[in-house]
Each structure stands twice: as structure tokens, then as C-alpha cells.
Amino acid sequence: MANKFLGQFLLEKGLLSTKQLLHAIELQKEANPPLGQLAIREGFINEPTAVVINMAQQRSDQRFGDLAISMGHMTEQQVSLLFHAQKECRKLFGEILLEQRYIEQEVLTLQLASHAELKQVSMLNIDTTIKNHRYSNQITDILEAIIKNFTRIPKIQLKVAQVNPQKAVRPYGHFIISQTMHVPNPIKVGWIMSPKLMKKIANEFLGIDVSHQQPVYVDAVSEFLNIILGNALVSNGEEQTRLDPPIVELEKDDYQGLYTQALTLTMSAPQQDFTLFFIHD
Amino acid sequence: METALRILVVDDSLSMRIIATTLVTSLGHEVVGDAEDGKVALKKYRELSPDIVMLDLVMPRFEGKKTLKKIIEIDPHANIIICSSLGSMGDIEFCLREGAKFYLQKPYEIEGIRNALSSITSLSTFQK
């Protein structure tokens, strides 16, 4: 079960057509203009300034409004006015569907309940190291997506057993599978896993026994990571995101690569721990 | 049962090609070919003229969005279902505007595939 944007959820259920979905997305965007667009409309900044702030935003984790203030392009009062205006015109996706009569209220209520169930967060006990991390939101979303997707694998109930702000080390014979998420800054996310656990995941994921076919079980576990990270990006809701394909690395014992900072989590499953790592600049 | 559709599955992951083939076959349709990247997909699209293409987005050599554009260039009526782990509003909107007929978010669910296929076959533009 994946985290899904409501429109996508209803499309797959056959309750919305692609034409209706595209129209609703267009209306949603009109009803939720970005802060920069509103600032231009109100005459607080001009278009080139908005571009400069957007570019600065890509290099930092700050929001548009905070950056505009710190760069001296807008006052706190102006940003607060814009937030208020943004809130006033905001419409929920479901509201748009009802307004357009794309779905009946009764059907939407039912579907919203089932969609909320899909999005329900697990009872993750987030460590303070993660809470205070620069990429706390992304790491939490990834952990949620991992735990949710691992419910497909019987007899594995995951929890975060250890958190270390340090390099990841590969035990002999274990595989490293990683993937770079661009949020938009790159974060390399990966896991270090024993072949035994990988076989178990692959067999459940594919529904057939592929324990004796290493390329197939490695591929299945890579794709499992790809699905988890793709789902985590949906939860994050950022539009300027993308995902590189997964890579399998066997030769590196000290997994530091070109990145300077790492966070390592030991994910605990009965007798089948694995290491999850996040590496970023 | 509806008429069996001839489907081309494009995904760099062998596992996902296995899963897609199993599910599509269980719905009574036929996977006429598969491809691990966009380049092979274009070649097979020309050779096989499938009714439907199930196309992954994140692929290492010739990725999905580029493949989508190329197939639509060859055949503006191509019936393409995007199959991706990505599900942001931006990705979905981009692909549908570029001519994809449906968007499925991985992991696959049989209901989603069934609805995607029947949504395409019910379109007036569907031609076999």
C-alpha cells in the first residue's frame, strides 16, 4: 500500500477519469498559488526578484517567505499578509471535485476515510537525532514508507533500534543498495542487508521463490527500495523532487562516498537487522 | 471476458516486469514483449505495435518521460500507462499532458491495473 495523492488514489479506483483529474489539478493550482506568485501579484516584489529567491531556495532548506525576509526583499508584515491571502483562497482537492460534480459527497466521504487509512502514520518513535536532523521530514517520511511497505513481508516487524550520526559499515557478504533522492538537494539513501533477508523480501515481493537466483533477488530488493523512496517523496509533497535509479554496490566497506555527512540507523527485525543510511552534503 | 490486449511492459527492473506480466496475464491479456529501457522500448513498439505500453519512469539509460515523448512522436494515438513509484501531482500532470492515457503508482494492485486497462479500452480513441 502506497501513499498516494488523493486524485491518483481515485483515478486508480476508477472513480475519476484522467481528464477530470487533469482539470482538478489545474483548478487546485489556481486555488493554491505559490507565495512568490502572490507577492508579484501584490506588487511586493518583481519577477526577477522572485527568480533570485527561488534560486536561493534551491540551495537552502528555507521557505520562500523566510528567505525573502532574510534577503531584504520583503518585510515580515508583507509575508504575513501573503500567508493570510494564501490561506483564504486555498481549496482542498476534495472540495474541487465536489464543486465540479466529479464525485458525489457520499462517495468522497467513504473514499476519504479509506485514503486516510492509507496515509495513517505508524507509531514511530522518532529519536531526537532524527528530529533535529536537517532532513528530518524526509527521513521521517522514508521511515514511515519503509515500515508501511515492510508490512507486506510476514514476520518482520520493524523498529528503529539505533541511530548513529556516523559512517555505515558493510559486514562481510552483505549488499549495499542505494538510491539518490533529489529534494532538490541530493540525499543518498540506502540499506545494507544480508542475502538471507534479501531473499525473504524478494520471495514475498514477487510471490515466487527466487532464493537461488541472485540477480533476481537483488533486483527485487532494489525495486522495493525504489518503491519506498518514490512513496516517501509523495508524502513529502515537494514538487521539485526526483529519484535516480537504484544502484547495487558490493565493494565498499566504508560507505562514505563523495558525501560529507551521514546518518545511520539500525533497523531491527527479529534476527534480521539491517542498516539504513542517509548521506548528504 | 473482454478482448485480450497485447501489452508491452517497459521497466528496468526484471522483478517489476515479472510482477506486471503475472498480473496482466491473470486478467486475460497478453504481454507481447518487454524492454529494460526506453531505447529497446521504441524498437519493440515499432516491431510489435502493441495495444498498450506499461511504461516505468525511473530508468537508468533512457528514462520514462523521454520514452513517453518519443513514443507519442511515433504514434500520437499510443496507449501508454505510466507505472511508477513516483506519485507527485507534478509527475502525474506532466505525463498525462504529454499524452499518457493513465498513471499507475507502484506497488501494483490488481484493481488499479484492471481500471487502467478498462479506462483505456473505453476511450473513443482506442484503436486495436
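Restricting the search to region B:1-20, which residues are open to solvent by less than 50 Å² (accessible area, probe 1.4 Å) and either away from chain A (no Cβ under 14 Å) or among the polar types (S, T, N, Q) (or both)?
Once the filter is applied, which keeps residues that are open to solvent by less than 50 Å² (accessible area, probe 1.4 Å) and either away from chain A (no Cβ under 14 Å) or among the polar types (S, T, N, Q) (or both), region B:1-20 yields B:4, B:5, B:7, B:8, B:13, B:15.
Can you list the helices (runs of 4 or more DSSP H) found entirely within region B:47-128 that contain at least 3 residues being away from every other protein chain (no Cβ under 11 Å)?
Numbers: elements: B:64-74, B:89-97, B:110-121.
Hits in region B:47-128: B:64-74.
Take the residues of region A:3-35 that are touching an Asp or Glu at 6+ places or on another chain (Cβ under 9 Å) and buried (at least 18 other Cβ atoms within 10 Å of the Cβ): which is modelled with the lowest pLDDT? If you could, list the steps in order and put the result at the bottom.
Here is the first cut: in region A:3-35, the residues touching an Asp or Glu at 6+ places or on another chain (Cβ under 9 Å) are A:3-4, A:12-14, A:21-22, A:25-27, A:29, A:31.
Within this subset, residues satisfying the condition of being buried (at least 18 other Cβ atoms within 10 Å of the Cβ) are A:3-4, A:12, A:21, A:25.
Numbers: A:3: 72, A:4: 84, A:12: 94, A:21: 96, A:25: 93.
Among residues in region A:3-35 that are touching an Asp or Glu at 6+ places or on another chain (Cβ under 9 Å) and buried (at least 18 other Cβ atoms within 10 Å of the Cβ), the one modelled with the lowest pLDDT is A:3.
Of the residues that make up region A:212-233, is at least one at pLDDT 90 or above and more than 14 Å from every other protein chain (Cβ to nearest Cβ)?
Looking through region A:212-233, at least one residue is at pLDDT 90 or above and more than 14 Å from every other protein chain (Cβ to nearest Cβ).
Quickly run through region B:20-64 and pick out the residues that are of a type in the set (A, V, I, L, M) and in contact with a Pro (Cβ under 8 Å, 6 or more places away or on another chain). Lay out the reasoning, then the answer.
Restricting attention to region B:20-64, the residues satisfying the condition of being of a type in the set (A, V, I, L, M) are B:20, B:23-24, B:27, B:31-32, B:35, B:40-42, B:48, B:52-55, B:57-59.
Correct list: B:32, B:58, B:59.
Identify, by number, the condition in (1) in contact with a helix residue (DSSP H, G or I) (Cβ under 7 Å, 6 or more places away or on another chain); (2) farther than 30 Å from residue B:122 by Cβ; (3) touching a residue at least 40 places away in the same chain (Cβ under 8 Å) that residue A:96 doesn't meet.
Tallying (1) in contact with a helix residue (DSSP H, G or I) (Cβ under 7 Å, 6 or more places away or on another chain); (2) farther than 30 Å from residue B:122 by Cβ; (3) touching a residue at least 40 places away in the same chain (Cβ under 8 Å), residue A:96 fails exactly one: (2).
How many residues are part of a loop (DSSP other than H, G, I, E, B) and surrounded by 13 or more Cβ atoms within 10 Å (Cβ to Cβ) if we restrict to region A:77-102? Spell out the reasoning first.
Kept after step one, since they are part of a loop (DSSP other than H, G, I, E, B), are these residues of region A:77-102: A:90-92, A:100-102.
Cutting the leftovers down to surrounded by 13 or more Cβ atoms within 10 Å (Cβ to Cβ) gives us A:91-92, A:102.
So the count comes out to 3.
Yes or no: region B:23-32 includes at least one residue that is within 14 Å of another protein chain (Cβ to nearest Cβ) and either over 21 Å from residue B:118 (Cα atoms) or surrounded by fewer than 15 Cβ atoms within 10 Å (Cβ to Cβ) (or both).
Checked region B:23-32: at least one residue is within 14 Å of another protein chain (Cβ to nearest Cβ) and either over 21 Å from residue B:118 (Cα atoms) or surrounded by fewer than 15 Cβ atoms within 10 Å (Cβ to Cβ) (or both).
Residue B:101 - would you say it is touching a helix residue (DSSP H, G or I) at 6+ places or on another chain (Cβ under 7 Å) and either farther than 20 Å from residue B:4 by Cβ or hydroxyl-bearing (Ser, Thr, Tyr) (or both)?
Numbers: touching a helix residue (DSSP H, G or I) at 6+ places or on another chain (Cβ under 7 Å): yes; either farther than 20 Å from residue B:4 by Cβ or hydroxyl-bearing (Ser, Thr, Tyr) (or both): no.
No; evaluated as a whole, the condition is false for this residue.
Among the residues of region A:180-205, count how many are under 24 Å from the mean Cα position of the chain (by Cα) and either facing chain B (nearest Cβ under 9 Å) or open to solvent by 10 Å² or more (accessible area, probe 1.4 Å) (or both).
10
The values are calculated or read from the model by the stated rules, or taken from the named source; none is laboratory data. A quick note: this is a predicted structure, and the numbers were derived from the prediction, not measured. As a convention, Cβ positions derive from the backbone with ideal geometry for all residues, glycine included, and neighbour counts pool all protein chains shown. Heads up: the accessible areas ignore ligands, DNA and RNA and are worked out on the full protein's heavy atoms, side chains in. Shrake-Rupley method; radii C 1.70, N 1.55, O 1.52, S 1.80 Å.
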